[in-house]
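What follows is one structure encoded as structure tokens, with my remarks underneath.
No lab work stands behind these numbers, since they all come straight from the coordinates. Treat the numbers as computed from the prediction; the structure is a model and nothing was measured. Here the Cβ is made from the backbone with ideal geometry for all residues, glycine too, and neighbour counts use every protein chain on show.
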Amino acid sequence: MTRPHYLRIADALRHTLAAGALRPGERMVSARKLAEREQVSLPTALEALRCLEADGLIVARPRSGYFVRPLTAASALRPARTPPRPVPVTMSALAQSLFSSAEARLIPLGAALPDPAWLPAATLQRALQSAGRRLQGHGLTYSMPPGRLDLRAQIAARAAHWGARFGPHELVVTAGATQAVRLALRAVCKPGDVVAIERPAYFGTLLMLEDLGLKALEVATDPVDGLLLEPLAHAIARYRPAAVLASPTVQNPLGASMPVERKQALVALLEHAGIPLIEDDVYGDLAGEAQRPPACKAFDSSGNVLYCSSVSKTLAPGWRIGWIAAGRFQPQVLQARLAGDWAGSPLLEAAVSEVLASGDYDRHLRRLKSRVHASVQAVTARVEASFPSRTRVAAPRAGFLLWVQLPHQVDALEVHRQALAMGIGLSPGPLFSPQADLRSHLRLNCANEPTPRLLGAVGQIGQLCHALCTA
Ligand SMILES: Cc1ncc(COP(=O)(O)O)c(C=O)c1O
């Protein structure tokens, strides 16, 4: 079979880049010129450029075309591979001091939330009304664990598209992914146990470990390829954690996703070691083009993966609809759900089920992903233009979070303090490590319209960093 034109052209472009014909940051040939030169259609030329973009070799800038990935990008941000050791998590005081009650009024570069204007409010309203009519008074009672069957059937059917092998009966509906992960930890760990996590890790996870009296074992995580298996294997051999808790698809804060073969290898490694994997897939639906990549759960044949997700990052964070497919730990999870915060809302569960069933969710996702992509590009370009030159950015392939490494003399907590005084939200690096280090990092939320005001705020953060560099 002949190789499609776009793949042939993409190969040739890769060779050109590998030969160093263009320097980082330089503009790539435009799609139009490429089409002329290669005598192919414009869509074919564009497809070739998108292949390079998917490889992380080039980046798109709105209305300017493609550029060779600047040196400030992920390749320069490789994680330190210092051997990990388990540590108690001590960051709740810091987290409390940083969460501002004014968050809702800040320029929203802080919390990892999509712009409310990007959520399908009319669709959700319609679903709520229709579910209300269908359920009548029953909509107001308790939804008993494991949660409504119509919702569980929709979740299982969607997951089957990316290869998951669980059915509705293996799912428990939860109050967001947060409760799902908490139930998973309760099911497989006891106080004092060690849990291997990514470095950097989502601070909600860290707060939960602290609350449950669990120790954190940070494992080096690559800004592009996610959790690194070699250091994980060493950490397992040395400390034998009770569980590994990770987000292999679109990690928070890095935006990294493990390649499919590595996900498979991770599942095999942990199955062999008899250590459960708690997979937090809350951003998974934001990955991929037409079809999202498989989660680790797709490769789980023994029930060793406790798969957790929600609609919080794509549909309705405040509705608190999440779920867990806990594999062989299902009885323990169900028991913990019953014993704890035991009932859900039938009305909201039925409404989400309708949105998933209607096809509206997929239409909304396509739009959301393209908005997110454009906004991440715009914020990245503004960071590159306005932050000190030794700043590094982990350019995410999916999701809406930007992890920024500042020059070492800039203290992210001070940047956060001064930005807050200017009405700008951001998440400082110490939030993402159990020891509250990572002081020269920060995370920017890009899930908002890149208005002049928003991009202006990014520029102001850049100025703060410049000032702190020279202070
Ligand atoms: C990695 C990760 N997991 C879980 C959550 C919380 O999800 P939910 O709102 O569904 O509880 C978040 C929210 O920021 C997150 O980033």
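Things worth noting here:
- Distance (nanometres) between label positions extended 7 Å along Cα→Cβ at Glu103 and Ala12: 5.1
- Dimensions of the stretch 208-286 from C-alpha coordinates, computed as largest minus smallest value along each principal axis and given longest first, are 32, 29, 18 Å.
- Among Thr391, Thr174, the ranking by other beta carbons within 10 Å of each residue's beta carbon, starting with the fewest, stands as Thr391, Thr174.
- A P(r) calculated from all alpha carbon pairs of the chain, with 10 Å bins opening at zero, reads 4, 20, 29, 27, 15, 4, 0 percent.
- Shape box of the stretch 247-396 [Cα atoms, principal axes, largest first, Å]: 53, 42, 29
- Legend: P(r) of the stretch 120-361 from all alpha carbon pair distances, 5 Å bins from 0, whole percents, reading 1, 7, 15, 19, 20, 16, 11, 6, 3, 1, 0, 0.
- Qualifying lysines (Cα of each under 25 Å from Cα of Lys369; at least 8 residues distant if same chain): Lys263, Lys297, Lys313
- Pairs of alpha carbons in the stretch 335-427 whose separation is greater than 15 Å (percent): 75
- Ranking of Cys296, Cys446, Cys51 by count of other Cβ atoms within 10 Å, fewest first: Cys51, Cys296, Cys446
- Cα centroid separation - the stretch 396-461 against the stretch 191-206, whole Å: 21
- Computed helical MRE - 222 nm, the chain, DSSP H runs ≥ 4 contributing -39500 (n - 2.57), nearest 500: -13000 deg cm²/dmol
- Ordering Gly204, Asn448, His272 by the projection of their Cα atoms onto the charge dipole of the chain, which places +1 on the Cβ of Lys and Arg and -1 on the Cβ of Asp and Glu, puts Asn448 at the extreme positive end.
- If the segment from Ser130 to Arg37 were pulled out straight at 0.36 nm per residue, it would be longer than the present Cα-Cα gap by 28.0 nm.
- Fewest-first ranking of Glu26, Glu349, using other Cβ atoms within 10 Å as the exposure measure: Glu26, Glu349
- Pairs of Cα atoms nearer than 8 Å and 6+ residues apart set the relative contact order; for the chain it is 21 percent.
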